[in-house]
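Colleague: This is the structure I have questions about; it appears just below.
The values are calculated or read from the model by the stated rules, or taken from the named source; none is laboratory data. Here the structure is a predicted model, which is why all the values come from computation and not from measurement. Cβ placement follows ideal geometry from the backbone for every residue including glycine, while neighbour counts extend to all protein chains displayed.
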Amino acid sequence: MIVVTGATGNVGRQLVTALADAGEQVTALARRLPGTDLPRGVFYREADLTDPETLRPALDGAGALFLLVAGDSPHSLLDVAKAGGVRRVVLLSSQGAGTRPEVYRHPRMFEDAVGQSGLDWTVLRPGGFHSNAFAWAPTVRAQRTVAAPFGDVGLPTIDPADIAEVAAAALRDPRHTGRLYELTGPALTTPRERAQTIADVLGEPVRFVEQSRQEARAQMLQVMPPAVVEGTLTILGEPTPAEQQVSHDVEQILGRAPRTFADWARRNIAAFQ
């Protein structure tokens, strides 16, 4: 059995479907259970990563675990996993754990704990997600406008569906044991270019408004801690060469190029209409 934490999120939801389609027995964990669109044969349970004991019933008899960076007790989470029989863990970390460990201490702490756990492990380090563009959906629907900082700075954002497929491979294939994968899309794209792509798929003009760093910071502070906001803004505005490098890991693992932002936009355009 494979246990998936964060099963209703951008990556977890698609990972659950991919594993179920491959015939795996899957237990999907989330703080709140989804009401609809449950893949057939998947068992859903409520659990909270900030309270490792809530995972214990779901992990009993599990062989593999997909783990998010959440809560402050990675060693406790991994102890519960081992007690349940888990032998393999795939951790969804963050690019920042490698490029800016002084800011992204939390994912780096989880990486270190997984590496020291004695379990077979794989670490996934994606950069920005294509799906971050969902934050633009309300203003695109209402005003056909996108507001974002650093409009002409490019980053190789990645489709969460690709992350999910890589995670599925790592959970099912022991050849990925002990590997750390940097996951990116196929090319650098800028916020201005991504906004134009949404306009192209909509078939209507979308105006791009470049925010100041201060405007973007105020908006991001509503949902993110201050240190993470500052680190994120620095990546968006002053990325290092490593943060702009296109990785070939997705292609090597899946045997195809990663999906483009245009691919993602076409599949999700209903959110912007």
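Colleague: When both residues are 6+ apart or on different chains and their Cβ atoms are under 6 Å apart, which pairs have a first residue that lies in the stretch 227-238 and is more than 20 Å from HIS130 (Cβ to Cβ), and a second that is assigned to a helix (DSSP H, G or I) and not small (Gly, Ala, Ser)?
Modeller: Partner pairs satisfying both residue conditions: VAL229/ARG217; VAL229/MET220.
Colleague: For the stretch 43-76, name all the residues that are touching a strand residue (DSSP E or B) at 6+ places or on another chain (Cβ under 8 Å) and more than 18 Å from GLY12 (Cα to Cα). Don't jump to the end; show me each part of the working.
Modeller: Filtering the stretch 43-76 for residues touching a strand residue (DSSP E or B) at 6+ places or on another chain (Cβ under 8 Å) gives 43-47, 49, 54-55, 57-59, 62-69.
THR54, PRO57 - these are the residues of the stretch 43-76 that are touching a strand residue (DSSP E or B) at 6+ places or on another chain (Cβ under 8 Å) and more than 18 Å from GLY12 (Cα to Cα).
Residue-by-condition table, conditions (1) in contact with a Gly (Cβ under 6 Å, 6 or more places away or on another chain); (2) more than 13 Å from ASP162 (Cα to Cα):
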site: ILE235; (1), (2): no, yes
site: GLU238; (1), (2): no, yes
site: PRO241; (1), (2): no, yes
site: GLN245; (1), (2): no, yes
site: ASP249; (1), (2): no, no
site: LEU254; (1), (2): no, no
site: PRO258; (1), (2): yes, no
site: ALA265; (1), (2): no, yes
site: ILE269; (1), (2): no, yes
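Colleague: Could you run through the stretch 19-77 and say how many residues are part of a helix (DSSP H, G or I) and in contact (Cβ under 8 Å) with a residue 12 or more places away in the chain? Steps first, answer last, please.
Modeller: Let us first name the residues in the stretch 19-77 that are part of a helix (DSSP H, G or I), namely 19-21, 52-59, 74-77.
Cutting the leftovers down to in contact (Cβ under 8 Å) with a residue 12 or more places away in the chain gives us 19-21, 52-53, 55-59, 74-77.
Total satisfying the criteria: 14.
Colleague: Looking only at the stretch 239-267, how many residues end up being surrounded by fewer than 20 Cβ atoms within 10 Å (Cβ to Cβ), polar (S, T, N, Q) and closer than 23 Å to GLY98 by Cα?
Modeller: The number of residues fulfilling the criteria is 4.
Colleague: For a quick check of your reading of the model, give me the residue pairs whose first member lies in the stretch 78-100 and is within 18 Å of LEU171 (Cα to Cα), whose second is buried (at least 22 other Cβ atoms within 10 Å of the Cβ) and among the acidic types (Asp, Glu), with beta-carbon atoms closer than 8 Å and at least 6 apart or on different chains.
Modeller: Listed pairs, sorted by first residue: LEU91/GLU111; SER93/GLU111.
Colleague: Another question about this same structure. So, in the stretch 101-116, of the ones that are without any contact (Cβ under 8 Å) to a residue 12 or more places away in the chain and assigned to a loop (DSSP other than H, G, I, E, B), which residue ends up nearest to ARG172 (Cα to Cα)?
Modeller: GLN116
Colleague: If we scan the stretch 215-238, do we find a residue that is touching a Leu at 6+ places or on another chain (Cβ under 8 Å), surrounded by fewer than 19 Cβ atoms within 10 Å (Cβ to Cβ) and modelled with pLDDT of 95 or more?
Modeller: no
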